[in-house]
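Throughout, read-outs are computed from the coordinates displayed, never taken from laboratory work. If you're wondering where the values come from, they're calculated on a predicted model, not measured in any experiment. Cβ coordinates were reconstructed from backbone atoms using ideal geometry, including for glycine residues, and neighbour counts include every protein chain displayed.
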Amino acid sequence: TTCGPVAGGTAGVVINGTNLSAVTAVTIGGAAATITGNTATTVTVTTPAGTAGAQDVVVTTCGGSAAGVGAFTYTAAPAITALGTTVGPLSGWTPVRITGTNLANAIAVTIGGAAATVTGNTATTVTIMTPSGTAGAWDVVVTTCGGAATETNGFTYDPAANNPPAVSLTGPADGSTFVAQTTVSLTASAYDSNGTISKVEFYAGGVLVGTATTAPYAASWNPGVPGTYVLTAKAYDDVAAVTTSATVSVTVTPAPVAPGPALRRFADPVVAYPNPVAGNVMNVALNLDADAEVVHVVAYNSAMQLSYDGEWRNVTLADGGVQIKGMNAWAPGVYLLRARATLVSGEVQGFPVLKVVVK
């Protein structure tokens, strides 16, 4: 035993060593301990009262003294301030957060005398999963080296109570990076100690992106916009209790820009037309890559763009050609036609000029 309450009285503290026969005194923090047993290799004592913290243990024999620096720690008495959850089902496994003072190094937590499972511990908190129990209110006891603290009737076992589900987001890992417009696999682990899981929802930036109703719980997410996203999962049980998982943060980077469409050539480098009449049609053949979504043909006269609203329009043909209508509005002269292709990504690219002579 290496720790005990500041009030002292910790019995059965065994000090191991050599040449310990005929011990004349043992002190802890300078105060005399009560010797209750002694051999050549051990000394057994009951601790005196002391001051909180690590204290030196000194054993004195006829051959001299030996010290164990900071070998015994006095711990202040624990106290319970509150229980975060005070009601749970008879089946147990209810998560409970106990808050108080001097709770570090909890040795045991019991509810109604039955041992709970300690899942976390600090100087001010102990988190546990309750054992199974019998209906009614029961004492909660936290035991540390400093003693025991009791919350009388602190937890009630209720046959009608329900434990909320537990859920954790298992994929992707926190800090992961993905490319926009690619599929990201979302996975979660969920269980319910006294019922069943009805569904698990997946959220990205607070927006629902997928739902799974059977294990293994998974969904696919296709982020379209670059940025940082906070991911969570929500688990629902068979009585609509819900729990939200801890968050996972991921980064989505921009998708690579697709290469521009290649305009290989105009069908004819120079085209001469007579002065057109109403309804006349001019066809210009273009060869474009398949990722061109929209093709515009812009007319220039002496390097100045002409207004074409209501005067002509273009229609993309199945074979990649562009049909220009309404040329009767064009006066005789030399025109330069420049094709512009717009990609699915929104990028606009221009291509070689076609000279058209209208007579």
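Most tightly packed first, judged by the mean number of other beta-carbon atoms within 10 Å of their residues, the peptides 8-17, 87-96 read 87-96, 8-17.
Rank by packing, highest mean first: peptides 102-112, 204-214, with packing defined as the count of other Cβ atoms within 10 Å averaged across residues. List each step's numbers first, then the result.
On the way: 102-112: 18.7, 204-214: 13.4.
Ranking the peptides 102-112, 204-214 by packing returns 102-112, 204-214.
Net charge of the neighbourhood of residue 130, taken over other residues with C-beta under 14 Å away and scored Lys/Arg +1, Asp/Glu -1, is -2. As a length-normalised measure over Cα pairs under 8 Å and 6 or more apart, the relative contact order of the stretch 1-145 settles at 19 percent.
For the stretch 6-36, backbone nitrogen atoms closer than 15 Å to the point 7 Å from residue 51 Cα along Cα-to-C-beta are found at 6-7, 28-32. When the scattering of the stretch 22-93 is computed by the Debye formula from its Cα atoms alone, each counted once and equally, what is log10 I(q)/I(0) at q = 0.18, 0.21, 0.28 Å⁻¹? So the normalised log intensities are -0.71, -0.90, -1.30. Taking label positions 7 Å along the Cα-Cβ direction at both residue 253 and residue 173, the computed distance is 1.6 nm, reported to one decimal. Packing here is the average count of other Cβ atoms within 10 Å per residue, and on that basis the peptides 46-53, 222-229, highest first, run 46-53, 222-229.
Can you list, largest first and rounded to whole Å, the semi-axes you get for the stretch 101-169 by taking the square root of 5 times each eigenvalue of its Cα gyration tensor? Each step should come with its number before you reach the end.
Numbers: eigenvalues 93, 59, 15 Å².
Equivalent ellipsoid of the stretch 101-169: 22, 17, 9 Å, largest first.
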